[in-house]
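Before any comments, here is the structure.
The values are calculated or read from the model by the stated rules, or taken from the named source; none is laboratory data. This one's a predicted model, so the numbers in the text were calculated from it and none came from an experiment. Every residue, glycine as well, gets a Cβ built from its backbone with ideal geometry; the counts of neighbours run over all protein chains shown. To get the accessible areas, we keep the full protein, side chains included, count just its heavy atoms, and leave off ligands, DNA and RNA. Shrake-Rupley method; radii C 1.70, N 1.55, O 1.52, S 1.80 Å.
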Amino acid sequence: MADPPIAPAGQPDELSPLDYLLHRGEAHPATRSAFLNLEILDQPADWNRLHEAIDRASRVVIRMRQKVVVPPLPTTAPRWVVDPDFDLDYHLRRVALPAPGSLRQLLDLAEVTLQSPLDTSRALWEALYVEGVEGGRAALLTKLSHAITDGLGGIALFQQVYDTERDAPPRPMPPVPIPSDLTGDDLLRSSLRRWPETVLSDGRKLLGSAAGAVGRLVTRPGPTVTEAFSFANSARRMLGPQPAERSPLLRRRSLVSRTLVLEVPLADLRAAAKTVGASVNDAYLAALCGGLGKYHEVLGVPVDDLPLALPVSLRTGDDPASGNRFTGVTIAAPIGESDPVERMKQIRAQVIARRSEPAIDVIDRLAPVLGLLPDEALQGVFDRITPADIQASNVPGYTQETFLAGARVDRQYGLGPLPRVAMMAVLISRAGICTVTFRYDTASFSAADQLEKCLRLGFDEVVELGRETP
């Protein structure tokens, strides 16, 4: 029997080195990178319409029906293939909250859902439709592996599920994608057959790259050497020690996490940022830092700053929605600065400087090498990396109202992963409202009530800046 056809290397179904690292991270609780989108609906959705909408989306967004196939030896990149055993009823489930169906109950259910590992032998997503939310409402929880896409890509991927009106006319149902029985052994055999051709092609690319480098060195020796040193120094800064000491309060880690949320009008954050010529993201980070500073003061351990990691999108208009196009930078978050205006200015200056680093994509460059390491060695590398205390993300959502199977999406919350950090904060702006979700390790933040009060004070303080301006 002939082997199934395999697309040549470099095709869109080939996992990038970064995507593969994120996929491998599912094996360990500390490196799992799945994120969860929680949407509260103004009324119960029509279950049949919802089932049909997700089925249609899975036929348009092929990643929703694909699983990852990995060769037993790293002779070629892993591939996305359409799962012949795809079962929509496994990925889309329906539950009901017990009375009263509060937001707290919903967030706790989202926590348990996100903490559970994804089955990597299937398509890497799950959705949970939740009935019984208080006020006659419902919710949809969608968990997605980071190997599929990043936050911005996820927003683009799930446009297929939404309508722009409550009673939208039905859309045509596309055909089912053709499944594939491709196995890891098939990938290995195919790569070995193409080995001579691959070696020759890679050799030509290497020689071409080397010739280009030599040519630049001969024709532009000064600028070329300067660029090389600049990149090396930038890489050292990107990969070097954290820009601030870790907080003594936030050093412990556990497997127990909790989520709290707050919301603020987008116009209020924008007005606050405008007072100092900053961005909404700067105002958001200043508010977060203010809350963290107050928490440290209340617990009697004030600190000047702590390491805060930020994802930076590398997406362009030509990039597909699937796949990851981001990197990370770390700043010394000025949580000890009491003046919110000065805090915002310091954050803005650091973020601009970090985004301008020549080696900002250094993780993308290292991913191919890290991907060759066996699991134990790769885990050892991760264990030696000192994590930041806090990670914060800002995801611009939909500007207009959206509907899901006859129900309006009233609120959207983003629960991010906890990659060995004490807290992951995610801001999502949608139809004029910013929701901020704080998912935190309970061993790091032991005073939950104080944390919530301090974070609210931090945001109130920044929002007040915009209200004080005529």
Practice task
Considering only the range 368-418, state which residues are among the β-branched types (V, I, T) and in contact with a helix residue (DSSP H, G or I) (Cβ under 8 Å, 6 or more places away or on another chain).
Solution key: V381, I390, V395
Exercise for the section: Answer yes or no as to whether G432 is of a type outside the set (D, E, K, R), open to solvent by less than 10 Å² (accessible area, probe 1.4 Å) and over 13 Å from V261 (Cα atoms). Expected result: no
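If we scan the range 74-83, do we find a residue that is within 22 Å of Q115 (Cα to Cα), among the polar types (S, T, N, Q) and at pLDDT below 85?
No: zero hits.
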Practice task
All but one of (1) closer than 19 Å to T402 by Cα; (2) open to solvent by 70 Å² or more (accessible area, probe 1.4 Å) hold for L141, so report the exception by its number.
Solution key: (2)
Practice task
With respect to F445, determine if the residue is at pLDDT 95 or above, open to solvent by less than 40 Å² (accessible area, probe 1.4 Å) and within 21 Å of A272 (Cβ to Cβ).
Solution key: no
Exercise for the section: Please go through the range 389-405 and pick out each residue that is open to solvent by 10 Å² or more (accessible area, probe 1.4 Å) and among the small types (G, A, S). Expected result: S393, G397
Practice task
State all residues of the range 264-305 that are in a helix (DSSP H, G or I), within 19 Å of S393 (Cβ to Cβ) and open to solvent by 20 Å² or more (accessible area, probe 1.4 Å); if no residue qualifies, say none.
Solution key: L266, R270, V280, N281
Practice task
Hand me the list of strands (runs of 3 or more DSSP E) wholly inside the range 7-119 holding 2 or more residues that are within 23 Å of V369 (Cα to Cα).
Solution key: 66-69, 79-82
Practice task
May I ask you to verify whether T120 is under 30 Å from V312 (Cα atoms) and crowded, with 18+ Cβ neighbours inside 10 Å?
Solution key: no
